[in-house]
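The values are calculated or read from the model by the stated rules, or taken from the named source; none is laboratory data. Computed from a predicted model, the values in this text were never measured in an experiment. Neighbour counts run over all protein chains shown; Cβ positions are idealised from the backbone, glycine included. The accessibility values were calculated without ligands, DNA or RNA, using every heavy atom of the protein model including side chains. Shrake-Rupley method; radii C 1.70, N 1.55, O 1.52, S 1.80 Å.
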Amino acid sequence: MTLGLDSVLDHSALGLTDEDLLELYRKMLLARRLDERMWALNRQGRVPFVVSVSGHEATQVGAAYAIDPQKDWSMPYYRDLAFALTIGITPEQVFAGVFAKEMDTSSGGRQLPNHWSEPDLNVFTQSSVIASQYPQACGIAYDLKRRGSDAIVVVDGGEGSTSEGDWHEAMNFAGIHELPMVFLIQNNLYAISVPAASEVAGQVADRAVGYGMPGVVVDGNNVLDVYGAMSAAVARARAGEGPTLIEAKTYRYYAHTSDDDDKLYRTKEEVELWRRKDPIPNFRQYLVEQRLLSAEEERRIEEEVTSRIAEAVKTTESSAAPTDAVSHLYANPITPTEAVTTIEPEPEGETGTLISAVNRTLHQLMEEHDDMVVFGEDVADPTGGVFKATVGLTEKFGADRSFNTPLAESLVIGLGIGMAAAGSHPVAEIQFADYIHPAFDQIVSEVARTHYRSNGRWTLSMTIRTPYGGGIHGALYHSQSVEAFYTHVPGLKVVVPSTPADAAGLLRAAVEDPDPVMVLEPKKLYRLATGPVPGAGHVVPIGKAALRRMGNDLTIIAYGTMAHFSVQAADVLAAEGIDVTVLDLRSLRPLDWPSIEAAVQRTSKVLIVHEDNGFMGYGAEVAAQIAEKSFEWLDAPVRRFTAPDVPAFPFAASLENQVMPDVDGIVEQARSLARW
Ligand SMILES: Cc1ncc(C[n+]2csc(CCOP(=O)(O)OP(=O)(O)O)c2C)c(N)n1
Ligand SMILES: [Mg+2]
């Protein structure tokens, strides 16, 4: 191991002035001293948690200095303190996060420190989920490219993050679309305690070739080396030549975080060896040799940095703590207040199927919103989706606005997040709800929490469409109902149409809503449900149930295919003299409670029907709310009619018929409840 900079580049050949070099030095020193101060505060018990940067400064400052934060986007990860400071995050912003204060501009004290977010600097909010940022960065880059911008996206992470599927899905997509991106991997040889040899076979940078992009290894402790490689990668991306993977070899000097004990997994000698390659003294030595840094200037910089930090600690530590833990769940919170009391007249329109209504509405919306982009597996023409929901969109609106993604669901949702962050309206299709599970993390930890975790500073207007449910002999993996998973999650809105008109109106509401909305399309009804398909402009407001039948004996609460079946059941029951109200919820989150309450008060008996299994199913929430809030109106226990506790519907018709609730079953349940 050598002392000093391993390869001494001529800085003027890199286009850097003497002043630039001093600025690089200032930023590295600021990050180091700030890190030391954070650790001291932690050890003094003044802050509960800190993440270290020390050792990574050259990588981060060299990389960040090569981008233009006024137009480029970046996604620095939690170790990127020096990156953040270099692009313009202030020490006050850093300490406001460390002290978890109201004035914390990244999350208002909601996230752990160093989870960067700053819309003014094009830094999209990050979670703690390792690697989830990569597909999102691709979404931003895709959007920039589609709009013809020459801005680029830098996305960072540690070598540990390159084991996650999201990294591979993102690298693959970036390579396919030659996106204007730089993947900067800071390889510090450990993922907490796990050494690189147990994380990565071979070398991270070598993977680039498999994804159709160059992979570059740099000495991450040499700020000029990093700056040089990064500038070349940025220029390549800006010129439309595609992404680059940069692997910066470096080391962290402190433990992973203040909660970690690094003595357990690495030796003092190893740390000492790397300390000899410390990027800061080595760069200082270079500056001294170049006669750019006098002893006096060095002292002046040290003092400037120290007082800057002291000032920032002073302003932030005494500032106000945040007080509101429940704001900013939604950009457009919807609390239904009015009960539906009449059956809506059917809208005007030619008769069509539910799937034709979805397709027609997508065409209308694409026409109206030129920032809308539709994508997913097999969505592009000529296939236009396995159910034909998206047919014709590529032909009419171009391959950049309706395109096929690789088979990678987490990527599909991550792309949507990035596009929405960049200001477009993504409509992501997950081919079958059964295959939404790989994207659970992107939906639950990312989509749903973005607005909340950024304290309202980032808003994701995006739509996720997916066919769900049984009745088409799709077997265990083409029949699932997934609403219980997603309605549980604050930050999402979830809707389910049961008629062509509602499919059109809810889809429009979803696309025009500033929040993320999941549209669960009952695929059994795609061709079974027919009715008027209204023209452009028809909206079904989110949070508004529909009365399908009005009767006084009991209420059936349902949605999707079960709402369709319940209407048929009501007609059978009416012939027997049992007068049934059918309330089609349409919107599962938010729930139209006033309409449920009014129906309970009118009928005093409630049957909840859904095709998902009962245990912890959506009906449990509805039943609990009725029991809590309308108990005195009930003349019978709230009853649920659902699939039994099987994972999904089996293939054989004889088996599927046994578990999927049908019209006869609903009639039978309602009949016995009416008699109660
Ligand atoms: C998906 C996920 N799994 C596990 C963790 C816990 N965790 C936080 S940081 C980390 C190690 C990351 O290592 P690396 O990517 O090399 O970055 P470094 O911290 O070394 O800079 C782990 C396992 C997490 N945050 N997210
Ligand atoms: Mg690491």
#### Entry: Charge-dipole axis of the range 505-556 as Lys and Arg at +1 and Asp and Glu at -1 on Cβ define it, positive-most pick from 556, 530, 543
530
### Query
Taking the Cα centre of the range 557-676 as the origin and placing charges on Cβ (Lys, Arg +1; Asp, Glu -1), which of 674, 600, 652 is farthest toward the positive end of the dipole?
600
### Summary
Expressed in µm² per second, the diffusion coefficient of the range 428-510 from the Stokes-Einstein equation, with Rh the Kirkwood radius over alpha carbon pairs, at 4 °C and 1.567 mPa s, is 93 µm²/s
### Query
Can you work out the FRET efficiency for the pair residue 381 and residue 530, with r the C-beta to C-beta distance and R0 = 30 Å, to the nearest 0.05?
0.75
### FRET efficiency for residue 651 and residue 323, using Cβ-Cβ distance with R0 set to 56 Å, rounded to 0.05
0.55
## Note on the structure
Taking R0 as 30 Å and r as the Cβ-Cβ distance between residue 306 and residue 178, the FRET efficiency 1/(1 + (r/R0)^6), rounded to the nearest 0.05, comes to 0.10
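Tell me, what is the per residue accessible area of the chain in Å², probe radius 1.4 Å? If you can, show how the numbers build up before the last one.
On the way: 24680 Å² over 676 residues.
About 37 Å² of surface per residue is accessible.
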### Residues of the range 546-561 with amide N under 18 Å of the 7 Å Cα→Cβ point at residue 635
550-557
#### Entry: Stretch gain in nm, segment residue 295-residue 268, where the contour uses 0.36 nm per residue and the Cα spacing is subtracted
6.6 nm
### Message
Under 8 Å for C-alpha pairs, at least 6 residues apart: give me the relative contact order for the chain, rounded to a whole percent.
### Response
12 percent
## Note on the structure
quick note, the chain, DSSP beta bridge pairs, % antiparallel (nearest 5) is 20 percent
### Task
For a label point 7 Å from the Cα of residue 628 along Cα→C-beta, name the residues of the range 477-492 whose backbone N is under 13 Å from it.
none
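Looking only at GluC sites (Glu not before Pro) in DSSP loops with at most 11 other Cβ atoms within 10 Å, what is the longest site-free stretch of the chain? Show your work: numbers first, answer last.
Working: sites that count: 338, 348, 576.
Value returned for the longest uninterrupted segment is 1-337.
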### Whole-Å semi-axes of the range 475-633's equivalent ellipsoid (Cα gyration tensor)
23, 19, 16
### Message
With every atom except the alpha carbons ignored, what do you get for Rg and Dmax of the chain, in angstroms?
### Response
28.6, 99
### Message
Just to be sure I follow: if Rg is taken over the C-alpha atoms of the range 318-465 and Rh is the Kirkwood radius over the same atoms, what is Rg/Rh?
### Response
1.05
### Summary
Descending accessible area (1.4 Å probe), largest on the left, turns 363, 488, 425 into 488, 363, 425
### Task
Mind jotting down a quarter of the surface of the convex hull over the alpha carbons of the range 248-359, in square nanometres, one decimal?
19.5 nm²
### Query
Normalised by the number of residues in the range 528-676, what is the relative contact order in percent for Cα pairs under 8 Å and 6+ residues apart?
26 percent
### Message
Whole percent per 5 Å bin, from 0 to the bin with the longest distance: what is P(r) over all C-alpha pairs of the range 205-284?
### Response
3, 14, 18, 17, 15, 13, 12, 7, 2, 0
### Message
Let me spell out the model: positive unit charges on the Cβ of Lys and Arg, negative unit charges on the Cβ of Asp and Glu, origin at the Cα centre of the range 397-553. What dipole size does that give, in debye rounded to 20?
### Response
280 debye
### Message
Taking the square root of 5 times each eigenvalue of the Cα gyration tensor, what semi-axes in Å does the equivalent ellipsoid of the range 494-534 have, largest first?
### Response
19, 12, 5
## Note on the structure
Exposed-loop cut sites defined as trypsin sites (Lys or Arg not before Pro) in DSSP loop states with at most 13 other Cβ within 10 angstrom; longest site-free run of the chain spans 292-676
### Relative contact order for the range 483-522, counting Cα pairs under 8 Å that sit 6 or more residues apart, in percent
46 percent
### Message
In Å, what Kirkwood hydrodynamic radius results for the range 35-102 from the alpha-carbon pair distances?
### Response
12.7 Å
### Summary
Each label sits 7 Å from Cα toward the beta-carbon; between residue 120 and residue 346 the label points are separated, in nm, by 5.6 nm
### Query
Could you give the nm distance between label points at residue 315 and residue 572, where each point is 7 Å from its Cα heading toward the beta carbon?
7.1 nm
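Stretch residue 275-residue 440 to full length: gain in nm at 0.36 nm per residue minus the Cα-Cα span?
Numbers: separation 165, 0.36 × 165 = 59.40 nm, distance 4.11 nm.
Additional length available on full extension: 55.3 nm.
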### Query
Under unit Cβ charges (Lys, Arg +1; Asp, Glu -1), what dipole magnitude, rounded to 20 debye, does the chain have relative to its Cα centre?
620 debye
### Task
May I ask which residue of 343, 366, 376 lies farthest towards the positive end of the charge dipole of the range 336-382, with charges of +1 (Lys, Arg) and -1 (Asp, Glu) on Cβ and the Cα centre as origin?
343
### Summary
Answer in debye to the nearest 20: the dipole magnitude of the range 503-631 about its Cα centre, from +1 Lys/Arg and -1 Asp/Glu charges placed on Cβ, is 220 debye
### Query
Binned at 10 Å from 0, what are the whole-percent values of the Cα-Cα distance distribution for the range 1-115, short to long?
13, 41, 30, 12, 3
### Task
Once you have a ≥ b ≥ c as the square roots of the Cα gyration tensor eigenvalues for the range 53-178, tell me rounded if a/c is under 1.5, and otherwise prolate or oblate according to whether a/b is larger than b/c.
prolate
